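Data block below; observations after.
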Amino acid sequence: METSSKITQKWMLCTFGSFISCFIFLLYLKHNNEAEHFRALRHAMYNVASSLDASFFSPGNLEILKPRREDEGDRIQKKSKNKCNIFEGRWVYESKKSPYYEAPQCPFLSEQVSCQKNGRPDFDYENWSWEAHDCVIPSFNGRDMLKRLRGKRVIIVGDSLNRNQWESLACLLYSTIPPSRAHLDFSSGFYKVFKAKDYNVTVEFYWNPFLVQFDSKNAPKILRLETLDLSSLHWQGADIMVFNTGHWWVHLGKFKAWDLFEYKGRLVDELKLESAFEVAMRTWANWIEQNVNLTKTTVFFRSISPEHKGQNGCYNKTQPITDTSHVTHFSQPLMEIVNRTLSKMRVPVRYLNISKLSEHRIDAHPSIYAKKKGQELMKRKLKPPERFSDCSHWCLPGLPDTWNRLLYASLVLDHPTDSPSLSHFVS
């Protein structure tokens with residue numbers, strides 16, 4: 001009996017030693033983000049543990065058998081069977097949450113969006129976080145995104161609102177690496193580039209507010225609806241493409257950019273705006289279908305960023321619009337054309353639908369805390385000030401960081417445990 005007891009004790013000691021070894025190995029796997037192996041091994045360990053005599057474990061040892069708290073990755077994966085709509089949700093104020101970066105960290109932020117530098121006294125607009133209704137949206141992780149983008153090229157093409165997004169994304173990534181390990185060229189208003197040297201990642205911006213070709217150097221100024229902008233020669237081969245257009249199409253009267261359309265080989269003036277926009281969108285869609293390699297490239301189209309003009313606009317607004325039913329219907333006909341165009345395309349294009357969630361952020365515009373012609377609006381004491389407020393662009397840090405968080409989330413939610421290879425991100 002004594003010999004049998006010693007054998008049993010040795011067997012249990014051996015089993016416990018094996019259990020501890022597995023636990024250490026489990027931590028190693030978890031640290032290295034091998035989630036599939038982690039879950040499988042954890043399940044096996046629980047099965048082994050349940051077969052052992054409960055009296056073998058002390059209360060302290062029992063603690064390690066408790067299932068770990070459900071972390072963000074688990075909650076994301078829990079909803080993966082039912083595709084989460086990350087664009088439907090609500091804004092939540094988090095007073096203790098700091099923005100992802102501080103504006104002085106990024107010397108390339110334009111004066112147009114550097115609200116604190118231009119004298120804005122409040123900070124609350126930086127502390128609102130977007131939460132989806134039916135899943136957890138991962139926080140932006142600059143280092144993880146750089147790993148996922150290793151060796152890849154991102155292009156952002158469009159108007160000044162997409163430049164707003166480029167500045168945000170470049171700053172989100174730039175602030176995670178030593179400045180000496182980045183290359184920046186932001187001197188031109190038409191082309192800007194950020195490169196993370198150690199990851200061989202480039203993020204480029206091409207200014208083209210119409211996507212199609214706009215001849216503004218000569219009179220009359222011509223918008224060529226069936227010819228893509230010349231910068232499209234440089235778009236080819238990018239791994240992620242983010243496009244937008246819309247704002248310049250609705251600038252009418254003295255703010256209208258073009259004099260004539262070129263359509264079907266003729267210069268025309270009498271062409272309904274929505275018809276012209278739809279022709280231009282079809283021109284862009286045809287280029288995407290002819291030039292995008294589905295095994296390499298993921299294409300996004302960002303919806304129209306809402307303006308908050310009219311009445312007092314965004315002047316002196318420091319809180320979001322809390323009425324959940326609030327809808328401005330800004331450029332609704334153009335948005336419907338975009339939806340219709342994307343739905344007919346053979347190449348899948350992801351719709352970065354930021355319009356509705358941005359409509360409530362009337363507090364996040366530069367307002368008078370911007371610069372025009374090198375002078376701060378607030379110091380020019382223009383009257384009435386609300387008339388001169390910038391209620392189109394967005395302060396940084398600020399709302400465009402959420403746009404990029406959703407861009408990042410759209411990749412992570414699809415493949416939360418993938419290796420950093422964007423070739424897997426294509427739908």
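Set Lys and Arg Cβ to +1 and Asp and Glu Cβ to -1, take the dipole of segment 183-276 about its Cα centre, and tell me which of Phe243, Ile222, Phe194 lies farthest positive.
Result: Ile222, furthest along the dipole toward the positive end.
Please sort 277-286, 211-220 by packing, taking for each peptide the average over its residues of neighbouring beta carbons within 10 angstrom, highest first.
Taking the mean over residues of other Cβ atoms within 10 Å, the ranking is 277-286, 211-220.
When ranked by the protection proxy of mean other Cβ atoms within 10 Å per residue, highest first, what sequence do the peptides 146-152, 130-136 form?
Order by mean packing, descending: 146-152, 130-136.
About the Cα centre, and with charges only on the beta carbon of Lys, Arg (+1) and Asp, Glu (-1), how big is the dipole of segment 244-383? Nearest 20 debye, please.
With Lys and Arg at +1 and Asp and Glu at -1, about 560 debye.
Taking square-rooted eigenvalues a ≥ b ≥ c of the alpha carbon gyration tensor, is segment 226-306 rounded, prolate or oblate, where a/c under 1.5 means rounded and, failing that, a/b exceeding b/c means prolate?
In terms of gyration-tensor shape, prolate.
Taking only protein heavy atoms and a 1.4 Å probe, what accessible area per residue, in Å², does segment 295-361 have with all protein chains in place?
Counting only protein heavy atoms, the per-residue value for segment 295-361 is 49 Å².
Karplus couplings for segment 100-107 from phi (6.51 cos²θ - 1.76 cosθ + 1.60, θ = phi - 60°), rounded to Hz, Gly and Pro as x?
Taking θ as phi minus 60°, the curve returns 5, 7, 9, 3, x, 5, 10, x Hz for segment 100-107.
Using the Cα centre of segment 114-199 as the reference point, and only Cβ charges (+1 on K/R, -1 on D/E), how large is the resulting charge dipole? Debye, rounded to the nearest 20.
It comes to approximately 680 debye.
Tell me the per residue accessible area of segment 188-267 using a 1.4 Å probe; a whole number in Å² is fine.
Ligands and nucleic acids excluded, the result is 47 Å² per residue.
Of the listed pairs Lys217/Lys256; Lys97/Lys197; Lys195/Lys371, which have alpha-carbon separations greater than 22 Å here?
Lys97/Lys197; Lys195/Lys371
What is the packing order of peptides 190-199, 169-178, taking the mean over residues of other C-beta atoms within 10 Å and listing the highest first?
So the peptides 190-199, 169-178, ranked by packing, come out 169-178, 190-199.
Within a Cβ distance under 15 Å of Pro400, other residues only, what is the Lys/Arg minus Asp/Glu net charge? Don't skip to the answer; put the middle values down first.
Values: positive: Arg163, Lys192, Arg302, Arg361, Arg405; negative: Glu126, Asp159, Glu167, Glu307, Glu359, Asp363, Asp390, Asp401.
Surrounding charge for Pro400 is -3.
For segment 155-305, which semi-axes, largest first and in whole Å, follow from the square roots of 5 times the eigenvalues of its Cα gyration tensor?
Ellipsoid half-lengths, sorted descending, are 31, 17, 13 Å.
The values are calculated or read from the model by the stated rules, or taken from the named source; none is laboratory data. Values in this document were obtained by computation on a predicted structure and should not be read as measured data. With ideal geometry, Cβ positions are generated from the backbone for all residues, glycine too; neighbour counts draw on all protein chains shown. Just so you know, the surface numbers come from the protein's heavy atoms only, side chains and all, with ligands and any DNA or RNA stripped out. Shrake-Rupley method; radii C 1.70, N 1.55, O 1.52, S 1.80 Å.
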